[in-house]
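Input: a single structure, listed below in structure tokens.
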Amino acid sequence: MIIVTGATGVLNGATVDYLLQRIPAAHLGVSVRDPERAKHLSDQGVRVRRGSYDDPAALRHSFADAEQVLLVSSSDVTADVVTQHRTAIDAAAEAGARRILYTSAHGTGFDTPYPPLAIHAATEQHLAATGVPWTALRNGFYGHPGQLLGRWQETGAITKPADGPFSWVDRRDAAEAAAAILTSDAAFDGPVDLTLPSPVTLADFAAAASEITGRHVERVVVDDEEWVAEEVANGTPEGAARFTLSMFQATRSGHFARSAPMLTQLLGRAPRSIADQLAHRIAV
Ligand SMILES: NC(=O)c1ccc[n+]([C@@H]2O[C@H](COP(=O)([O-])OP(=O)(O)OC[C@H]3O[C@@H](n4cnc5c(N)ncnc54)[C@H](OP(=O)(O)O)[C@@H]3O)[C@@H](O)[C@H]2O)c1
């Protein structure tokens, strides 16, 4: 069986949908915090069991019979997420999983100003130490473009601190690639970079937005501290603003400049470009 955690979330929920196109529902299980929210899956014949990264016994029960376990990275900002990930990895190993997969991030490492990357690095270190074959799905950045770009549709400008090249992938593509890896005969060992074929910058987003809307969208670079002050004045907690700033700082150090062909190869087509993703968001 393939067991997926975070199946009531966006990324791994989409991965489950893609898996259901590839394997029978009876070969699929999910480990979720609230089984009521996975009723659409149990209705299709997917095994649904309760599991939380804070409850090792429930996790082991939800991982029973697993050949492969796909772990989502925790979204619980109040928790010690590295401990949560270690708990989940240990439970998967104890349940007898023959491969553990984890939704990591492109550029993972301890040597970056962007804090989540050190969490992923510590998690990958623990995966490597278990002795069970493992795969880290190092996804490029993703999310709602509005969170990245701000109110460009109202203002006609993407007004952010200086940035550098990074990958911005569509979660549907990341999910489809995860399903392809989980159902492949090939072994994907260790980190797998899932990125756009070429990195992008906020200037590229401005160009794509201009092309899609037929209206000039400008990229305006603001000083880091001015931007933080503006965000705080608009009600963003300073810690949250500085967290986002650290992402821009990491991109401009060139940390995310490297791209890999693996996402394209797994999909058998080009990943959705930033223009595709913006057009989709404008349409929905
Ligand atoms: N690469 C990037 O740019 C990027 C951007 C955003 C997020 N992320 C990371 O990628 C992950 C997946 O993204 P997403 O968009 O699918 O986020 P999401 O929709 O918020 O899904 C997160 C999932 O994690 C589950 N979860 C949280 N805490 C848990 C715990 N203690 N035990 C078990 N499950 C737990 C949630 O369960 P419930 O459904 O019960 O809430 C949810 O299903 C996020 O959790 C975050 O770590 C990466």
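The values are calculated or read from the model by the stated rules, or taken from the named source; none is laboratory data. This one's a predicted model, so the numbers in the text were calculated from it and none came from an experiment. Please note: Cβ atoms are built from the backbone with ideal geometry, for glycine as well, and neighbour counts cover all protein chains shown. Note: accessible area is taken over every heavy atom of the protein model, side chains too, but ligands, DNA and RNA are not part of it. Shrake-Rupley method; radii C 1.70, N 1.55, O 1.52, S 1.80 Å.
Show me, for segment 19-35, the HN-Hα J-couplings you get by feeding each phi into the Karplus relation (A = 6.51, B = -1.76, C = 1.60, θ = phi - 60°), rounded to Hz, glycine and proline as x.
5, 5, 7, 10, 9, x, 4, 5, 8, 10, x, 10, 10, 10, 6, 10, x
Quote the relative contact order of the chain in percent (integer), defining contacts as alpha-carbon pairs under 8 Å separated by 6+ residues.
Value for the chain: 17 percent.
Could you tell me the distance between the Cα centroids of segment 82-96 and segment 31-45, to the nearest Å?
21
If one puts a single equal scatterer on every Cα of segment 177-267 and applies the Debye formula without solvent, what log₁₀ I(q)/I(0) results at q = 0.11 Å⁻¹?
Scattering profile of segment 177-267, log10 relative to I(0): -0.53.
With a bin width of 10 angstrom, please list the P(r) values of the chain as percents of all Cα-Cα pairs, from the 0 bin to the one holding the largest distance.
7, 27, 33, 22, 10, 1
Please compute the contact order of segment 1-145 in relative form: average sequence separation of alpha-carbon pairs under 8 Å and at least six residues apart, divided by the residue count, as a percent.
Computed over segment 1-145, the figure is 19 percent.
Short version: ³J(HN,Hα) in whole Hz for each residue of segment 260-277, in order, from phi by Karplus 6.51 cos²θ - 1.76 cosθ + 1.60 (θ = phi - 60°), x for Gly and Pro, what are they?
9, x, 4, 4, 4, 5, 5, 7, x, 6, 5, x, 4, 6, 5, 5, 4, 5
Of the options 235, 134, 165, report the single residue whose Cα projects farthest towards the positive end of the charge dipole of the chain (beta-carbon charges: Lys, Arg +1; Asp, Glu -1).
Result: 134, furthest along the dipole toward the positive end.
Amide H neighbours of residue 164 under 5 Å, at least 5 residues apart or on other chains, H built in the peptide plane: list them.
251, 252
In nm, give the distance between the simple-model label positions of residue 221 and residue 282, each being 7 Å from the Cα along the Cα-to-Cβ direction.
Between residue 221 and residue 282, the simple spin-label model gives 2.6 nm.
Skipping prolines and chain starts, which residues have an amide H placed within reach, meaning under 5 Å, of the one on residue 48, given they are 5 or more residues away or on another chain?
30
Keeping the other protein chains in place, figure out the carbon and sulfur percent of the accessible area of segment 31-121, with a 1.4 Å probe.
48
Using the Karplus equation 6.51 cos²θ - 1.76 cosθ + 1.60 (θ = phi - 60°), what ³J(HN,Hα) coupling, rounded to whole Hz, does each residue of segment 66-72 give in order, writing x for Gly and Pro?
7, 7, 10, 10, 9, 9, 7
Below 8 Å between Cα atoms, with a sequence gap of 6+, how large is the relative contact order for segment 122-200 in percent?
45 percent.
At 1.4 Å probe size, with every protein chain present, just tell me what the per residue accessible area of segment 76-147 comes to in Å².
About 40 Å² of surface per residue is accessible.
In terms of the Cα gyration tensor, with a ≥ b ≥ c the square roots of its eigenvalues, is segment 1-93 rounded because a/c is under 1.5, prolate because a/b exceeds b/c, or oblate?
In terms of gyration-tensor shape, prolate.
Name the residues whose placed amide hydrogens come within less than 5 Å of the amide hydrogen of residue 73, ignoring near sequence neighbours (fewer than 5 apart) on the same chain.
103
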